[in-house]
Each structure stands twice: as structure tokens, then as C-alpha cells.
Amino acid sequence: MSIEYIKKATASAAAQDDKTREIVQDILDTIETGGESACIDYAKKLDGYEGEIVLSADAIAEASSRVPQKTKDDIQFAYDRVRRFAEKQRDSLSEFEVELSPGLWAGQKQIPMQTAGCYIPGGRYAHVASAVMSVGTAKTAGVSHVVACSPPKPATNDQPGGPNPAIVYTANLCGADTILALGGVQGIAAMAFGLFTNHPADILVGPGNRFVAEAKRLLFGRVGIDLFAGPTEIGIIADASADPHIIATDLVSQAEHGPDSPAWLFTSDRALADKVIDMMPGLIAKLPDTAREAATAAWRDYGEVVFCENDEAMATISDKYASEHLEVHADNLDWWVNRLRNYGSLFVGEETTVTFGDKCSGTNHILPTRGAGRYTGGLSAAKFIKTVTTQRMTQEACKEVASAAARISRLEGMEAHARSGDERLAKYFPDSTFELQPASE
């Protein structure tokens, strides 16, 4: 397979991991010891916020009143599609019971989790769509209590402070039972430990910066998490039929997320690669200040353009990267859909784009990064539902199963396990003889 890096990333997404882990662990330890007061201290120190942590109904109503009706209509548009998609995901999960052998029934049940903690970023950008993706999907899945958490802004002379009003409105619209005005690690910790709510999270979901992602990683095991997430990524597969301006625009659209957001182009057309590289600086320069600074650093340090000899080479390198978001701008789209294996979410053809999935088209935008698309998909209704198994059998079925289980247990050297089968056989069939020892060599 022949590939050439026309542009190669100069930085590693994992470069800051050790320092981040140290900072996050210290905050988590402090909050676990200090509880709610420690959270309040961090809110003052890191966000300059001294307002209420648990938003009251009046505070939610006040924030919602500051959201224009057109914005509310757009949020409703997104919510309707994300909810409908999540409903189909939920309904695709089945409960069943099957008779595996005469008298032995086994089945599975689908049980929603009791409490979900949904982190909604609100620092550099106000991620309204993340409230829809996390809170809306959790409630659709049947989670009993959803805690939404988003970073607050300090109060000013004309604003009361707190999370972005549109985020508050969206979380409430989507069914959040509690909304916390907390950001960063302190928000993750509060949801995990059940601070302010007495509802410790069974699962933590939602995107965030590297500190939020590391907090979730460190808490994994004590609570479930949606996935191990790093900075957002985009990969684009493009052949000679693609529009270089559209390609460059889409790469910039993800690079604006942050200075460490990778943007990758895999192409079999050298002329297209050169055109995209030439266009990127001009498109980035036209962005507002915050987005321009982020995209400049992201493209400079993490942007890559990979020239591949043919479609198969593009598919192979794309599967190796396992992009969080993957766009295909190429002929024979069905071939790509069938061939590609590793990605978080796939966007097929020029008519769709990562932005549509990120904001409102229906699929979830909380997706695997850093190659995790090789082994997991993104957030779905299924993430909030436990698939658990059940078993029952007759005494007659027990005769066959207990004998096999006893022999296997003794083969493994687990005598106590074997005796749990022996005792049932002795109770149910006192006049029968069974072979309970493993076969000799």
C-alpha cells in the first residue's frame, strides 16, 4: 500500500496526558474529601461563580425567558430528530426467553439505569446540541433521574450569572431532573459522588475538554462512562470528484473546536490535496477571533493530508485512524459504506456533513476518539440500558446441567462449585447415580 504524507501532524494528542492526570486526580481527591463545600470553592476559584449550584425552577424559567423564540424553535427541531432516532435505538433492543434444552430457559431483560450525569460544555462555546444528545437520549432510554451539569459564568451588572441560558433551556426541555451550575472536574465529581442531589450517577456522559475527559477516565469503574474521549476529530476521504472548497470548509469546521483537534484528509488526488492545503489559511483567517485562534493551532499542529494510491489504500488508512467523524466525498458511495469499518459516525456524500450530525440531523455527536472507533460506537440509547440475563429450569433439566457443571468445576479445580450441583442432584434424585468426576486422560 502506497501512501505519502503531504502534511504531517507535528504534535501528539497524548502529549499533555500525564500533567492533566495529576491535576484532575488532585481535584477529585479534594472534592471526595471536602464534598459540596469543595465544589463551591472550585466554582468560585475557577469560574468566578458564587450563585446557586442547583438551579431552581425560577432560575430555569428566568434563563429560558432570555432565549429567543427562533432559537427555541431550532432547539426543538434538533430535539425532535435526536429523540426519534434514540427511540428507534431503544426499540431495537429486545427482551426474550429461549428454551435452550428441555426445561432450561434463559433470557435477557433491558433495564434502564437509575441516574445519569450529563456534562454539557459551555466554556469556549455553548454546546446546546450536547444537551440534546445527552439529556434527551438518556430520558428517551428511560433513565429515572438525569442530572445535567454545565459551567457557569460569573454574574455581571446586567446578567445574573450561571450556565448559558440556551443550555439551561435545552436541558430542561429534554427532561433533566436536576441542573447544576458547575463546570469542569468539579461538575463531573459532583455528579459521580451524588453531591447536591443525593443521586450518584450510574453513568457519566457528554463531551468536554481534556480535564473533563480525564476525570471521567479516572472515575470509570466506580461509575460507567459513555467512552474514553479526547479532542474531537474529523477525517475526510476524497477522490478527484470531490469539491476542494467543501473539503477545506469541513476541515476548518472541526478544527475550530480547539487547538488540539485533529483534522485529516485522505485523498487519491494530488491536485485536490494541494488545493485544500492552499485554501485552509484563507478560510481560517475569516473566522471570528476565538475560532480563528483554535483552528490555526489545530491545523498547524494536528492537521494531516495523506495521499493514497487508490480507494483501497484510502479505506485502509482511514480504518487505521478510526476517525471520530468520517466524511466520504467520492464516487461509488455504496462501496465505501460496505468497505469502511472503523469510525464513530459516517457521513456519506457531499450533501451531508459533520456539522449536521453535530447539531440537529438526528444521530448522536458524542463519539469515540483516539482510535476507539476500532472497538466502540458512540453514545446511544443502549448506553443507558443494561442488558441483563435471567435463567430458570425444571428439576429434570437440572439433572443434565448439574452433572456437566460439576464435572467442569472439578476439571477446573473448583470443588465448592461442583458441590452446588452435587447437592441438588442428591436432593432431587436421591435414588439415582451420576457421573460427577471429569474424564481421566
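Taking the criterion of being surrounded by fewer than 17 Cβ atoms within 10 Å (Cβ to Cβ) and part of a loop (DSSP other than H, G, I, E, B), the residues of the range 372-400 that qualify are 375, 376, 377, 394. Of the candidates 369, 353, the single residue that is surrounded by 19 or more Cβ atoms within 10 Å (Cβ to Cβ), β-branched (Val, Ile, Thr) and modelled with pLDDT of 95 or more is 353.
Residues are listed down the side, and each one gets a yes or a no for (1) surrounded by fewer than 20 Cβ atoms within 10 Å (Cβ to Cβ); (2) in a strand (DSSP E or B); (3) at pLDDT 95 or above:
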| residue | (1), (2), (3) |
| --- | --- |
| 99 | yes, yes, yes |
| 106 | yes, yes, yes |
| 111 | yes, yes, yes |
| 116 | no, yes, yes |
| 121 | no, no, no |
| 124 | yes, no, no |
| 131 | no, no, yes |
| 135 | no, no, yes |
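Looking only at residues in the range 282-296 that are farther than 15 Å from residue 250 by Cβ and crowded, with 18+ Cβ neighbours inside 10 Å, the one that is nearest to the chain's Cα centre (by Cα) is 294.
Among residues that are more than 24 Å from residue 131 (Cβ to Cβ) and either acidic (Asp, Glu) or outside the structural domain of residue 366 (by TED's automatic domain parsing) (or both), residue 21 is included. Do the conditions hold for residue 87, that is, is it outside any strand (DSSP E or B) and either surrounded by 16 or more Cβ atoms within 10 Å (Cβ to Cβ) or out of contact with any Lys or Arg (no Cβ under 6 Å at 6 or more places or on another chain) (or both)? In short, yes. Selection of the range 409-428 for residues being surrounded by fewer than 17 Cβ atoms within 10 Å (Cβ to Cβ) and either under 16 Å from residue 104 (Cβ atoms) or of a type in the set (S, T, N, Q) (or both) yields 420, 428.
Figure legend. Inter-residue proximity from the range 245-274: first residues within 13 Å of residue 287 (Cβ to Cβ), second residues hydrophobic (A, V, I, L, M, F, W, C) and assigned to a loop (DSSP other than H, G, I, E, B), beta-carbon distance below 7 Å, spacing 6+ or different chains. Indicated pairs: 256/287. I'd like to check something: does the range 254-268 contain any residue that is over 30 Å from residue 331 (Cβ atoms), in contact with a Phe, Trp or Tyr (Cβ under 7 Å, 6 or more places away or on another chain) and not assigned by TED's automatic domain parsing to the domain that holds residue 318? Within the range 254-268, not a single residue is over 30 Å from residue 331 (Cβ atoms), in contact with a Phe, Trp or Tyr (Cβ under 7 Å, 6 or more places away or on another chain) and not assigned by TED's automatic domain parsing to the domain that holds residue 318. In the set 314, 279, only one residue is of a type in the set (A, V, I, L, M) and surrounded by fewer than 18 Cβ atoms within 10 Å (Cβ to Cβ); that residue is 279.
The values are calculated or read from the model by the stated rules, or taken from the named source; none is laboratory data. Keep in mind that what you see is a predicted model, and the values were worked out from it rather than measured. All Cβ positions, even for glycine, are placed from backbone atoms using ideal geometry, and neighbour counts span all protein chains on display.
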